[in-house]
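Participant: Below are the structure tokens for one structure; questions will follow.
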Amino acid sequence: MSLFSDARWGEALTHLNDYLGNHVRVSVTALALGLVISFPLAIAARNRPLFRNLLLTLASIVQTVPGLALLALFYPLLLALTSMTMAWFGFGFSAFGFLPAVLALALYSMLPVLRNTITGLNGVDPALLEAAQGVGMTPSQSLFTVELPLALPVIMAGIRTSAVWVIGTATLSTPIGQTSLGNYIFAGLQTQNWVFVLFGCLAAAVLALAVDQLLALIENGLRNRSRVRAALGALGIAALILATLVPTLARPPSSYIVGAKTFAEQYVLSALIAERLRAAGFSASSREGLGSSVIFDALAANDVDVYIDYSGTLWLNQFHRTDMLPREQLLDELKAILAKQNITLFGELGFENAYALVMPKQRADALGIHSIADLASHAGTMSIAGDYEFFSRPEWAALKGAYGLSFRTQRTMQPDFMYAAVASGEVDVIAGYTSDGLIAKYDLTVLDDPKHAIPPYDAIVLLAPKRAHDQALQAALKPLLGKVDISDMRAANLRASGNDAASSPDAVARWLWDRIEKH
Amino acid sequence: MTATPLIVYADVGKIFAGRGAERVVAVHDVSLEVAEGEFLAIVGGSGSGKTTLLRLANRLIEADRGRITVEGEDVRALDPVLLRRRIGYVFQSGALFPHISVAGNIGVTPKLLGWPAEEISARVDELLELVRLGKSHRDRLPHELSGGQRQRVGVARALAAKPRIVLMDEPFGALDPLTRDGLRDDYRALHDKLALTTVMITHDMAEALLLADRIAVMHAGKLLALGTPAELSKSDDAYVAELLRTPRREAERLNALLPRDGAA
């Protein structure tokens, strides 16, 4: 199949209205907000060297913060703010998605506008300023009828730069819950769907170029004092905004929002849930690529209705528990903790995605290793590999403590390469994930953990506070509980890591549902 | 020429802050009266304080000491913006607003004064006629005009709100000699026709002699001499004599080089 006849282009196209509309909405709002703030600041600062330097330095510092980090920082900031307004004034706002994205992008857009407005205004010929004063203009008449019109081409050039930056950076607002063209890129990277990645990049580039060229037309019109060109450019911008916004605004809002974290399994499971909801006659949309703590807070704040988390992740990362409980007890305790935040632990899907020590089946059988306890006596001559965080996680400390493990060497590896490395004998043992499809593909075996050193990582369905008594939702999701077994999930994950049309999250979710129905 | 002084400088001084603690005395205790209907030229080199002296009159620069009156009123008691709207000002090389049409440039002060649009439009036509530019120039932008045409618009702009006083800051300096000569004559004719009171600064003594009724010579912030060309020629000040020597010698040499045959 050639690159261009790939069915995934068509699938990408079906999301375009939604992603592009949201992308334009967040970019335009951010740009407008940025202009409204920067413009008066620049005018106030232009004749005050100290203030001007401070302002430009601050804006430059903001610019050095990577876009992703800036967006990510606004989320907890707003979260703290909303809890403050809630406590003081009795109302809160959503710290999820649109608002943090707009604020971060607006901040990001300020430098070029500030710099060019100041440069443009200070670049006006002093003889003309004297002339304005000499013919009897007040300072504000001089500003509005002489200085600003003369500085406008330079100011427009700044707005152009800022528009291109904002449109590009807006692709990074996906992880904080703002749908954008970045959804293609993040989903594509996680599910190795290069068509999506390419589509997202192209769409963002085309949008940025189109806006840049239309603004260039306005700038050119202003520079050459051609009203026609300036008006054409402005019309083009207005048409672009309308064309991208109308389809999104005309669509009724989805009744359910399904969240997904940033890895393939999550994309598949959110697609599965969304499909079940649609099958039950509801409208549902996915909010994908959300950061691990963002998604939990979004659920607690009712911004996301339902998503799949893992018991161990919540236990260790969200609630910072260090004690280890047996599986059932841990789930019960977790249920109680979540209930305090009005979050419903609706049930388990039936599989675990836990860290586990994995080695080739044949080798394990040959050495008579079935559990981590058996491994301990061999560890001294063996090497182990794990992902970037494993060796600093509590699970590793617990494993070493419980079994007295001491390996000859330990290495960190990119998760995708780990499985191939252990299959080829490059390393002896890896710290893999129990639901990874590559375990079956490379004929590996997961070693038992008889001492329960690694906490259980049951996949669990979490419901937002406002869905606690939603019988219809719960009825639609009930058939999934306990029905997704580990071998099906591994097979699904393996499919999702493929690079063809059958590997899209939606297609894999349909396949998985077929398997569930057959059980 | 009547004797009523329209502009009076009395012991006026202005000091600019230089670098660090340095003080630059731009204007040093100058007293000067400009009579109604008079054409006064202020002559001096760069740094002589002539531009400062001119700008003190419409408060583009504020005096540190002394007293300046315009039409009998102390300028310190007037709103500087309103003061400037009633005094015409012609800038060096025009200083037209490049983004505004010729008509817009000319009508700027009447517009600031809140004249009705039709009245401004009629006044613009009248002025274009007066400075000998066709009405076809109305909608042009300044960059479409020649240097001489631009300065004609500059003059029209200064006259738009019917001021009694016009201040000119080296208005003809940047023009080629032929254009300069034509414009000088045209302006002097307007000055007489409209009964204006004009103060013009120039570094060109010949221009001052040819155009002005009286000439004030500035040097290092001080008023060295003041009088008609004939009075100045009797001055025993060395600097004034030196200023007069150049045009005189040029005139003699030109006379010698370009003998008029007296032929018809």
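The values are calculated or read from the model by the stated rules, or taken from the named source; none is laboratory data. Note that this is a predicted model, so its numbers are computed, not measured. Using ideal geometry, Cβ is built from the backbone for each residue, glycine included, and neighbour counts are taken over all protein chains shown.
Participant: Go through region B:169-198 and give me each residue that's in contact with a Phe, Trp or Tyr (Cβ under 8 Å, 6 or more places away or on another chain) and within 14 Å of chain A (Cβ to nearest Cβ).
Facilitator: B:ASP169, B:PRO171
Participant: Pick out the one residue from A:ASP428, A:ASP365, A:ASP416 that is surrounded by fewer than 15 Cβ atoms within 10 Å (Cβ to Cβ), at pLDDT 90 or above and not polar (S, T, N, Q).
Facilitator: Going through A:ASP428, A:ASP365, A:ASP416 in turn, the sole match is A:ASP365.
Participant: So, in region A:181-234, of the ones that are modelled with pLDDT under 90 and among the polar types (S, T, N, Q), which residue ends up surrounded by the fewest Cβ atoms within 10 Å (Cβ to Cβ)?
Facilitator: Once the filter is applied, the top-ranked residue is A:ASN224.
Participant: Could you list, ordered by first residue, the pairs with Cβ atoms under 8 Å in which the first is in region A:131-155 and assigned by TED's automatic domain parsing to the domain that holds A:LEU217 and farther than 14 Å from A:ARG223 by Cα and the second is part of a helix (DSSP H, G or I) and of a type in the set (Ser, Thr, Tyr), at least 6 apart or interchain?
Facilitator: Matching pairs, first to second residue: A:ALA132/A:SER142; A:ALA132/A:THR145; A:GLN133/A:SER142; A:VAL135/B:THR109; A:GLY136/B:THR109; A:MET137/A:THR145.
Participant: Which one of the conditions (1) out of contact with any strand residue (DSSP E or B) (no Cβ under 8 Å at 6 or more places or on another chain); (2) surrounded by fewer than 21 Cβ atoms within 10 Å (Cβ to Cβ) does A:ASN493 fail to meet, given that it meets all the rest?
Facilitator: The number of the failed condition is (2).
Participant: Here is a list of conditions, (1) surrounded by fewer than 15 Cβ atoms within 10 Å (Cβ to Cβ); (2) touching a helix residue (DSSP H, G or I) at 6+ places or on another chain (Cβ under 8 Å), and A:SER392 meets all of them except one; can you say which number that is?
Facilitator: (2)
Every residue, every condition in (1) within 15 Å of the chain's Cα centre (by Cα); (2) farther than 21 Å from A:SER140 by Cα, yes or no:
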site	(1), (2)
B:LEU56	yes, yes
B:GLY66	no, yes
B:THR69	no, yes
B:ARG76	no, yes
B:ALA103	no, yes
B:ILE106	no, no
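Participant: Just need a number here: residues in region A:32-62 that are over 30 Å from A:LEU129 (Cβ atoms) and surrounded by 17 or more Cβ atoms within 10 Å (Cβ to Cβ).
Facilitator: Result for region A:32-62: 1.
Participant: So A:VAL422 clears everything in (1) under 17 Å from A:ILE454 (Cβ atoms); (2) surrounded by 18 or more Cβ atoms within 10 Å (Cβ to Cβ); (3) under 37 Å from the mean Cα position of the chain (by Cα) except one condition, right? Which one?
Facilitator: Here A:VAL422 meets the rest and fails (1).
Participant: Here is a list of conditions, (1) at pLDDT 90 or above; (2) surrounded by 18 or more Cβ atoms within 10 Å (Cβ to Cβ), and A:PRO465 meets all of them except one; can you say which number that is?
Facilitator: Unmet condition: (2).
Participant: Do we find that A:VAL294 is among the β-branched types (Val, Ile, Thr) and either in a loop (DSSP other than H, G, I, E, B) or modelled with pLDDT of 85 or more (or both) in this structure?
Facilitator: For A:VAL294, the condition - among the β-branched types (Val, Ile, Thr) and either in a loop (DSSP other than H, G, I, E, B) or modelled with pLDDT of 85 or more (or both) - is not met.
Participant: Which of the residues belonging to region A:496-519 are outside any helix (DSSP H, G or I), touching a residue at least 60 places away in the same chain (Cβ under 8 Å) and surrounded by fewer than 18 Cβ atoms within 10 Å (Cβ to Cβ)?
Facilitator: Correct list: A:GLY498, A:ASN499, A:ASP500.
Participant: Let me ask something additional. Answer with yes or no whether B:ARG150 is within 14 Å of chain A (Cβ to nearest Cβ) and part of a loop (DSSP other than H, G, I, E, B).
Facilitator: For B:ARG150, the condition - within 14 Å of chain A (Cβ to nearest Cβ) and part of a loop (DSSP other than H, G, I, E, B) - is not met.
Participant: Of all residues in region A:136-146 being in contact with a helix residue (DSSP H, G or I) (Cβ under 6 Å, 6 or more places away or on another chain) and buried (at least 22 other Cβ atoms within 10 Å of the Cβ), which is farthest from the other protein chains (Cβ to nearest Cβ)?
Facilitator: That would be A:VAL146.
Participant: Just name the residue that is farthest from the other protein chains (Cβ to nearest Cβ) out of those in region A:115-135 that are surrounded by fewer than 24 Cβ atoms within 10 Å (Cβ to Cβ) and in a loop (DSSP other than H, G, I, E, B).
Facilitator: For region A:115-135, the residue satisfying everything is A:GLY123.
Participant: From A:ALA234, A:ALA239, A:ALA208, A:ALA170, which residue is part of a helix (DSSP H, G or I), in contact (Cβ under 8 Å) with a residue 60 or more places away in the chain and farther than 30 Å from A:ALA279 by Cβ?
Facilitator: On inspection, the qualifying residue turns out to be A:ALA170.
Participant: Moving to a separate point now. Just to be sure, is B:LEU210 within 19 Å of B:MET168 (Cα to Cα) and assigned by TED's automatic domain parsing to the domain that holds B:HIS191?
Facilitator: Yes: the conditions hold for B:LEU210.
Participant: Kindly indicate whether any position in region A:152-174 is more than 14 Å from every other protein chain (Cβ to nearest Cβ), in contact with a His (Cβ under 6 Å, 6 or more places away or on another chain) and at pLDDT 90 or above.
Facilitator: The answer is yes; a qualifying residue exists.
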